[in-house]
1. Filter the stretch A:99-157 down to the residues that are among the acidic types (Asp, Glu) and either at pLDDT 90 or above or surrounded by 17 or more Cβ atoms within 10 Å (Cβ to Cβ) (or both) and list them by number.
2. Filter the helices (runs of 4 or more DSSP H) completely within the stretch A:485-545 down to those with at least 3 residues that are under 18 Å from A:Val416 (Cα atoms).
3. If only one of B:Arg348, B:Arg317 is out of contact with any helix residue (DSSP H, G or I) (no Cβ under 7 Å at 6 or more places or on another chain) and assigned by the TED database to the domain that holds B:Ala409, which one is it?
4. Take the residues in the stretch B:158-198 that are acidic (Asp, Glu) and within 23 Å of B:Gly106 (Cβ to Cβ), then tell me which one is least open to solvent (accessible area, probe 1.4 Å).
5. Residues in the stretch B:185-200: is at least one under 19 Å from B:Met254 (Cα atoms) and either at pLDDT 85 or above or not assigned by the TED database to the domain that holds B:Lys54 (or both)?
6. Within the stretch B:313-324, track down each residue that is within 20 Å of B:Gly512 (Cβ to Cβ) and either open to solvent by less than 30 Å² (accessible area, probe 1.4 Å) or among the small types (Gly, Ala, Ser) (or both).
7. Find the residue count for the stretch B:375-398, including only residues that are assigned to a helix (DSSP H, G or I) and open to solvent by less than 30 Å² (accessible area, probe 1.4 Å).
8. Can you tell me which residues in the stretch B:513-526 are under 18 Å from A:Gly50 (Cα atoms) and open to solvent by 10 Å² or more (accessible area, probe 1.4 Å)?
There are 2 protein chains.
Amino acid sequence: MSEALALGPKESAQAPRAAPREVWKKGGRLLSVLLAVNVLLLACTLISGGAFNKVAVYDTDVFALLTTMMLLAALWILFYLLRTARCPEAVPYRDAHAGPIWLRGGLVLFGICTLVMDVFKTGYYSSFFECQSAIKILHPLIQAVFVIVQTYFLWVSAKDCIHVHLDLTRCGLMFTLTTNLAIWMAAVVDESVHQAHSYGNASHTRLTPDLERASSSSGGDACSCNTAICQIFQQGYFYLYPFNIEYSLFASTMLYVMWKNVGRLLAAALGHSHTPSPPSLFRETYFAGPILGLILFMVGLVVFIIYEVQVSGEGARTQQALVIYYSFNIVCLGLMTLVSLSGSVIYRFDRRAMDHHKNPTRTLDVALLMGAALGQYAISYYSIVAVVVGTPRDLLGALNLAHALLMIAQHTFQNVFIIESLHRGPPGEEPPRESPPKEPCQGLTFANLDALHALPACPSTPRLVKPSSADPQEAVAIILTPRGHWRRRCLRDISLFLLLCNVILWIMPAFGARPHFSNTVEVDFYGYSLWAAIVNICLPFGIFYRMHAVSSLLEVYVLS
Amino acid sequence: MSEALALGPKESAQAPRAAPREVWKKGGRLLSVLLAVNVLLLACTLISGGAFNKVAVYDTDVFALLTTMMLLAALWILFYLLRTARCPEAVPYRDAHAGPIWLRGGLVLFGICTLVMDVFKTGYYSSFFECQSAIKILHPLIQAVFVIVQTYFLWVSAKDCIHVHLDLTRCGLMFTLTTNLAIWMAAVVDESVHQAHSYGNASHTRLTPDLERASSSSGGDACSCNTAICQIFQQGYFYLYPFNIEYSLFASTMLYVMWKNVGRLLAAALGHSHTPSPPSLFRETYFAGPILGLILFMVGLVVFIIYEVQVSGEGARTQQALVIYYSFNIVCLGLMTLVSLSGSVIYRFDRRAMDHHKNPTRTLDVALLMGAALGQYAISYYSIVAVVVGTPRDLLGALNLAHALLMIAQHTFQNVFIIESLHRGPPGEEPPRESPPKEPCQGLTFANLDALHALPACPSTPRLVKPSSADPQEAVAIILTPRGHWRRRCLRDISLFLLLCNVILWIMPAFGARPHFSNTVEVDFYGYSLWAAIVNICLPFGIFYRMHAVSSLLEVYVLS
């Protein structure tokens, strides 16, 4: 997004007076970050303390904290909505890149699932109302209110670049972001404790005392869940946790972009709007990508069901389930690696301009893709070390090793492909939108006036946009090439194929496949508690990576 | 640092040809980051695996990996030095902000201490040469070579903005950075295991089996260290670990800045040099800051010695040692908080211009200050929860609570003060150096040419620097105010006082004070293993924070 302070003479005369506000921009950010860090660390302390039954922090304390935070955040959101509704000039600019439709659509979808989860949770805790503290029933109800308010807020305000009450808005956004992260942490911890509990009962008796006692807390302290409806509620809300986790993360990313956009000045609002035309989801492809992807998706579902049915059986059936699971994953990951690589190769022949403009949404997307991949990387490296150093070398070890290596390769090449795609400009037939189209020389900015005089009248094509004192990376030489339809079709096929594969690879761990524990190689090598800590910390990031890759690939598909 | 692509007509004609390289800039960064992430995760896996004796990864594996990495990094450094020596045009620009003298001086100082540590380590492992694997003696020797080569490299090349073999250089720098981080991780793990061992023996018998077995490995597997000289070597090298840790982190930050500067274009090289005049360490102060700081420093040393002598005694003496320790820390932290706050208040009256120019060194400094503070924040929050929720409320609990709260306040206000100081321009009597001083209009950059025609001939004061399409934050209205000597003197006093306090607060934990374990509140509340994990992960960051704050405060002192 091209930005410029195009002030008229009146504004430039006021500029010295406005200087103190400019000075405070970093100060305001610092203040809100400090607030967020402190609240988040307090929440983190209580949540991690609450996960261990040995520690005298109870889950009611955690619920009370989360409920308070959600109430405060909801109040702030209502205040914000009221203020911007009454004072339209508070939001003079809107960032066209922020809150794209698939992100907001995903938010609404996950928000609805979270509401269903809250219903289940309320039902579950109401089943033994008499011996539970009231906060446990209040918590899902307040969460439902918070989810509704926040989803509406993000739907209407995700693109805002607000220009009033800067410090207050930054603090409010950061506090809401912190609330979402705290909910995410609480959900991840709760789910890990639940997983440790069910796997501990099913296939392992080597639970450490900490985990054992912790997991017993999730079933209620004094009462047990015996009725059929209560059991359904309990099962249901545990299966809906992944959606709640994704909802919190989606909301967090959108809030972060809003926070970055507070007080931002955009050239867009001055005349020509940069809003991209509403993207069409149905575009020409060769159908090879979606068909192959759908086949893999269906096979993956079957494999997942077979795995889930067989894995809790006796030794030979577990072994068989693992072989099927790993084989499918190896084929899928191998194909994805090859397809990502071929996508990168196609880009070598694609001479579309790279879009180097500032875009907080894209920067965050890239950072999240790279950061979230670390989770799966870490698990894979621990697996590789365990298989290579460990003594038993059998079929399962070989499959595990191949799986871990391919996982690393797939994440790496997929990230390279997605990041390169996101940095491509819009399709070739449209000339670079980012530079104002009216006057051919307007895109030029000069660091000194000598250079201006030295230049010929107006260089037309290729257009060399000279960066100013701020950022030489933005030096873009835009070369318009023929459209190359076959390339764009191929890229769409590739993105759809990768998208479907990422969905199936998301479904498996999100709905409970844990070959990490069924397969005994790593558990024997690292010991249960260390390996459980590694997997429970890293796997949520791996699951989030798949979700985020899906939304990024959808963007790649629409933009290519 | 002001940057501009001030190409002559010849270069601009070549620009379309140079475009593909520009396109690859992010690609090259991505490639090197992926390399670094993978190497680092592999090292992390082996190091964390090697720390647990139960896991079949031995410390010789870790030593072998580190030795290989250091050899490769040293070879790359030699190649780089050779290339830049033979081809001076490879480094057309130098970043004046990178590698300031105090950072390089600190690097040399810590490098020398690391060399001494390597001598001790070689001596220690040579004492029982016959029953050790050769890699344990080879490792410190190779490390010594690596430290010498790297220190020389960073001394001469820290400011380089290299423009040949961009991808190779980025990968080489990232690999060297990864090597330093791996050495840092190995040192932190080794020191934590050693601490757990000594505290486990001295005051706690509740070590988990993992830690107990792990710590026994540091004393050697088959032989024991019985001779007096061997014991001296062992003691010596453990006391020198903090310097090795700091050396690795200093080198990492300098390498990161070099990596950011690869391929960077600076306006500075075109004529007028921006190199600041060599700063003088002796400047006018009111002497109150340094004298008060020195008094606190001496008292702190005495308290530290009393604490170390008394804490391993029986109950009452431990109690007394803790009361003295906490009391001193509370006084020290309280004074530091007040002084930081008054520094921030002074800035409210200081109308020096804020320097918003791009400066990778400063951005990294700020990120490191904020990030490293998280370690101490986390410890403090866990302490607060333990004291508030835990049942026994005695003098020690109250002191602990006050200490934790003041720790948070002190880190917060000191960070605010340092970050604000680093963003101030140079002293008032020098007009903004960043904009070229020759022509008064040169500092102006325009987003469109209309604005140029609309403006009067040349606005003089206040100078409004109009940002280009890249970054509106850089809109700086520079207002020159009277010099205000008393303020600058006060700021120097404040920075010297804070500097000395940070040094004493660094010495205490770096040389082994662990009130976290002597004080039983948290250990009883969280259990030994959880609390040890929290402290051992977070404290190294807290110690690094102190070091980094000292170097930043030195910069504040010199620049104010």
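1. Step one: of the stretch A:99-157, the residues among the acidic types (Asp, Glu) are A:118, A:130.
A:Asp118, the sole residue that qualifies.
2. Numbers: elements: A:485-510, A:515-518, A:520-526.
Hits in the stretch A:485-545: A:485-510.
3. Working: B:Arg317 fails: out of contact with any helix residue (DSSP H, G or I) (no Cβ under 7 Å at 6 or more places or on another chain).
Within the list B:Arg348, B:Arg317, the selection yields B:Arg348.
4. Our first condition is that a residue be acidic (Asp, Glu); within the stretch B:158-198, this holds for B:160, B:167, B:190-191.
Filter again for within 23 Å of B:Gly106 (Cβ to Cβ), leaving B:160, B:190-191.
Working: B:Asp160: 9, B:Asp190: 40, B:Glu191: 29 Å².
Looking at residues that are acidic (Asp, Glu) and within 23 Å of B:Gly106 (Cβ to Cβ), I get B:Asp160.
5. Of the stretch B:185-200, the ones under 19 Å from B:Met254 (Cα atoms) are B:185.
Of the ones still in play, those that are also either at pLDDT 85 or above or not assigned by the TED database to the domain that holds B:Lys54 (or both) are B:185.
Yes, the stretch B:185-200 contains a residue that is under 19 Å from B:Met254 (Cα atoms) and either at pLDDT 85 or above or not assigned by the TED database to the domain that holds B:Lys54 (or both).
6. Step one: list which residues in the stretch B:313-324 are within 20 Å of B:Gly512 (Cβ to Cβ), which gives B:313-314, B:317-324.
Result: B:Gly313, B:Thr318, B:Ala321, B:Leu322.
7. Here is the first cut: in the stretch B:375-398, the ones assigned to a helix (DSSP H, G or I) are B:375-389, B:395-398.
Adding the requirement that they be open to solvent by less than 30 Å² (accessible area, probe 1.4 Å) leaves B:375-387, B:396-397.
Number satisfying all stated conditions: 15.
8. First, pick out the residues of the stretch B:513-526 that are under 18 Å from A:Gly50 (Cα atoms): B:521-526.
Once the filter is applied, which keeps residues that are under 18 Å from A:Gly50 (Cα atoms) and open to solvent by 10 Å² or more (accessible area, probe 1.4 Å), the stretch B:513-526 yields B:Val521, B:Asp524, B:Phe525.
The values are calculated or read from the model by the stated rules, or taken from the named source; none is laboratory data. What you are looking at is a predicted structure, and each value in this text was computed from that prediction instead of being measured. A quick note on method: Cβ atoms are made from the backbone with ideal geometry, for glycine too, and the neighbour counts reach across all protein chains shown. What goes into the accessible areas is simple: the full protein's heavy atoms, side chains included, and nothing from ligands, DNA or RNA. Shrake-Rupley method; radii C 1.70, N 1.55, O 1.52, S 1.80 Å.
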